[in-house]
1. Skip the ligands, DNA and RNA, and give the accessible area per residue of segment B:52-162 with a 1.4 Å probe, whole Å².
2. Based on DSSP H runs of at least 4 residues, each adding -39500 (n - 2.57), what is the mean residue ellipticity at 222 nm of chain C after dividing by all its residues, to the nearest 500 deg cm²/dmol?
3. Can you tell me the dipole magnitude for segment B:139-298 around its Cα centre, using point charges on the Cβ only (Lys, Arg +1; Asp, Glu -1), in Debye to the nearest 20?
4. Provide a whole-number value for the mean count of partner chain Cβ atoms within 10 Å of the Cβ atoms in peptide C:37-47.
5. Report the charge-dipole magnitude of segment A:2-228 in Debye, nearest 20, computed about the Cα centre from +1 at each Lys and Arg Cβ and -1 at each Asp and Glu Cβ.
6. Could you tell me which residue out of A:Ala113, A:Leu79, A:Phe168 lies farthest along the dipole of segment A:2-228 toward its positive end? Charges go on the beta carbon: Lys and Arg +1, Asp and Glu -1, centred on the Cα centre.
7. Of all accessible surface on chain B at a 1.4 Å probe, what whole percent is carbon and sulfur?
8. State the Cα centre-to-centre distance between segment A:4-23 and segment A:89-153 in whole Å.
Amino acid sequence: MSRFLRREALRYEVRVVGPWLFVLPLFVAVLFAIAAGMMAFKQAQHSDISNMLMAGIEGAVPLVVGIACAAIASREPALELQLALPAQYRVTVLWRLVLLLAWAALIEIAGVAVLALAFPWALHRAGSGYLLTWLAPLLWCGGIGALLALLLRNRAAAIALLGVAWVFELVFHGLMASYGWTQALDLFATMFSAAASFWLANRLELIGLGVLFLLATWFYLRNTEWRLRGEDA
Amino acid sequence: MNVTIENLTKVYGGKVHALNGVNLTIPNGMFGLLGPNGAGKTTLMRILAGILHPTSGTVRVGGREVKSERDRTEVKRILGYLPQELGMYPDLSAREFLDYMAILKGLDETKARRARVEWLLETVALKDVANRKLKTYSGGMKRRVGIAQALLNDPKLLIVDEPTAGLDPEERIRFRNLLSELAGNRTVLLSTHIVEDIAQTCQQLAAMTSGRVVFSGTIIELLAQTRGHVWLVATPGQKPEGDFTMVAATPLAGGGMQYRVVGQPAQGMQATPAEPTLEDGYVWLMREHRAAPSLAAV
Amino acid sequence: MSSMSQLAVVAGAFRYEYRMQIRRVSVWVVLGLLCLLIFGIWSLGGNAELHGYFTSGREGIPVHWVPPDPRSAVLDWVQFLGLFVPLGIGLVLADRLARDKRTRVDELLDTAEGSPSARLTGKFLGSTLATLTPLLIMYFALVAYMVQQTGQFTTIVPLAVAGFAAVLLPAALFVAGFSVTLPLILRVPVYQFLFTGYWFWANLMSPKIGIPSIVGTMLNAAGPWAQEGIFNYNWTFLRLNATPAQGYLSIALLSGLGLAAVLGMGVYLRWQHARR
């Protein structure tokens with residue numbers, strides 16, 4: 001594992017995965033910050049500006065990370081070479097996912113820190129809520145993106161399911177907050193139900209599910225036969 | 001280093017029998033594996049490379065049975081593998097690609113690793129273009145990068161699957177020579193359906209069809225088996241009759257045609273026995289073991 | 001090249017693309033799960049509309065019996081599908097041409113006879129229809145259930161066919177036009193992210209949120225104009241006071257934009273080939 005921590009190894013992994021996958025969450029975060037800035041310039045209500053920023057932190061960045069994780073888990077141009085190496089391929093993939101998640105976490109932390117210091121009214125929760133607001137959907141989206149891409153052997157289909165689930169939750173956020181079992185899956189609990197009693201449980205459940213999805217991805221990566229069949233035509 | 005395979009089977013999805021009880025001993029030096037497309041060669045290679053797990057049977061590398069994941073990892077440490085479909089990272093240069101692969105192969109010491117990469121770039125004659133992105137390389141250049149990556153860890157066992165497919169004649173000759181030089185102190189398993197590649201490089205070979213090994217031995221033994229089944233048949237023009245496979249048809253200077261056939265021409269044909277080549281031997285083997293419907297690799 | 005042979009190219013590309021797309025397991029899985037999800041939402045209200053129900057008696061309104069309304073049940077089904085299915089179709093189709101590029105099939109096709117526009121049109125129609133096939137099956141499975149429950153074949157089936165043609169088909173053509181072509185100039189995951197955000201922003205974001213959007217314009221592809229204008233049915237969160245003419249116009253606009261995207265990309269590809 002230590003070989004992955006070397007500077008040149010990190011550089012290669014980023015280049016192999018595609019630097020643009022790492023640029024994407026940053027681009028999205030900046031996009032939402034600009035949109036919020038424009039709303040502020042037009043003297044929109046604080047609540048609307050806050051919604052825009054939360055949509056970026058809790059919604060858009062996790063979605064783009066989920067899409068990127070699906071891409072990482074499903075695409076490997078040198079798959080057969082990787083599988084014949086003494087370094088286990090599933091460790092390599094997991095490391096790439098961790099790199100992306102860590103990078104996205106850095107972006108989220110930086111964004112939330114700026115808001116907490118300069119515009120505290122923009123954040124719906126304080127304290128540990130800063131962390132849980134983005135960590136829960138980030139892990140859930142990242143985990144399910146990677147797992148679906150492996151299960152379906154098709155990146156586009158995996159992202160389709162993730163995208164539909166994301167939009168569905170956004171549209172039916174009231175419904176998601178109404179039932180016990182849907183509360184556990186509510187990706188936007190901070191945006192729409194920040195004061196609800198189930199908020200903390202929801203965050204922890206999402207984190208648990210995200211970790212579970214990543215673990216399942218880890219186990220599923222052992223199935224080299226499935227991987228070698230590639231994407232379906 | 002000997003590789004011993006006993007009763008190896010591989011069944012995909014419970015239905016497709018890619019390997020049916022393969023028994024084979026691969027000694028040190030160059031060893032050729034011949035067979036038509038779909039014979040199971042790639043599946044066998046992938047099992048030896050630790051990429052696929054066999055359904056049943058045993059593989060021993062250097063006397064040690066490869067059973068667990070740990071065994072497979074140990075084999076991978078002494079393995080160099082060049083797959084048939086060589087995928088690479090298009091945006092890396094050859095130098096970067098080899099350096100990255102070397103890191104993954106456990107060459108941790110930076111200086112030694114870089115020196116190894118440079119030596120291999122020189123060996124495969126790519127040093128001048130080593131900083132160009134791989135996506136700009138020709139097929140032959142990519143193959144050479146492929147063999148360089150396989151040699152990074154100075155492997156005791158080198159497995160190359162269809163390495164000359166798609167190369168021009170000059171590239172093929174260069175590649176064959178390189179493989180022969182490498183075989184001096186290691187086991188090189190060369191899988192191909194190009195008979196000429198085996199004829200020029202290997203003393204020992206095995207032939208596969210329908211997931212079975214139908215011959216294993218030296219080229220001389222295969223030629224001996226074929227002797228008496230190769231004929232030259234001259235006709236005024238029409239195709240000869242009989243139970244055979246036609247290998248070549250050559251127009252004769254004074255008119256008419258000469259056919260080289262493997263099998264049995266019909267009685268009454270003007271047939272004279274001919275000395276078999278490896279290609280004739282291969283054709284004879286395939287005739288004797290008529291291929292079942294294609295069993296494609298994954 | 002004659003228009004007849006151009007037509008043959010469109011037909012050939014259509015057949016190939018339809019066969020390729022229809023046998024992708026993932027297409028069936030995605031559309032199947034999508035329909036299941038939407039069926040779940042529909043069953044919360046649509047099933048009651050189909051059979052009739054007693055009101056809850058809340059908010060001071062006395063409990064009363066609401067008679068069965070199969071028409072609303074069908075249009076509810078169309079509405080919920082219209083909210084999400086085009087999104088799923090657009091995302092699934094995003095890798096069709098990009099895949100050809102990755103597997104180098106495009107180079108092979110470039111050497112074949114026929115203009116890029118004709119080939120692109122065939123691919124667009126073939127992949128869209130193939131992706132719609134699982135949807136059609138599941139769509140009419142519920143319609144069959146409604147007919148079986150109510151016995152009102154003449155009310156339900158023509159309405160279901162019209163609903164599909166007026167809402168789901170134009171939306172599918174619209175998203176497919178862009179999803180088949182734009183990934184040729186954008187990376188597939190980037191396109192998919194932008195498309196997901198676009199779909200919510202342009203079609204599903206309630207004006208109450210306070211963020212400017214095109215949700216109330218005729219570019220809304222989720223079907224509010226057709227639902228209101230043609231079927232006189234109140235769409236979920238918009239009141240457009242649409243006329244039938246506006247309903248038909250929205251169908252023409254969405255389908256036309258989808259086709260225009262394909263033809264536009266064809267022109268771009270031709271220009272690109274000429275520069276090579």
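1. Details: 4580 Å² over 111 residues.
Spelled out: the 1.4 Å probe surface of segment B:52-162, per residue, equals 41 Å².
2. Numbers: 11 runs with 193 residues, N = 276.
Helices in chain C give a 222 nm mean residue ellipticity of -23500 deg cm²/dmol.
3. Values: 14 positive and 16 negative charges, 47 e Å.
With Lys and Arg at +1 and Asp and Glu at -1, about 220 debye.
4. Values: counts 5, 2, 0, 0, 4, 0, 0, 1, 0, 0, 0.
Average neighbour count from other chains, rounded to a whole number: 1.
5. Numbers: 15 positive and 11 negative charges, 127 e Å.
In total the dipole reaches around 600 debye.
6. The residue sitting farthest along the positive end of the dipole is A:Leu79.
7. Working: 6430 of 12910 Å².
Percent of accessible area from carbon and sulfur atoms in chain B: 50.
8. Using only Cα atoms to place each centre, the spacing works out to 18 Å.
The values are calculated or read from the model by the stated rules, or taken from the named source; none is laboratory data. What you are looking at is a predicted structure, and each value in this text was computed from that prediction instead of being measured. Heads up, the Cβs are rebuilt from the backbone with ideal geometry, glycines too, and the neighbour counts pull from every protein chain shown. All accessible areas refer to the heavy atoms of the entire protein, side chains included, with ligands and DNA or RNA removed. Shrake-Rupley method; radii C 1.70, N 1.55, O 1.52, S 1.80 Å.
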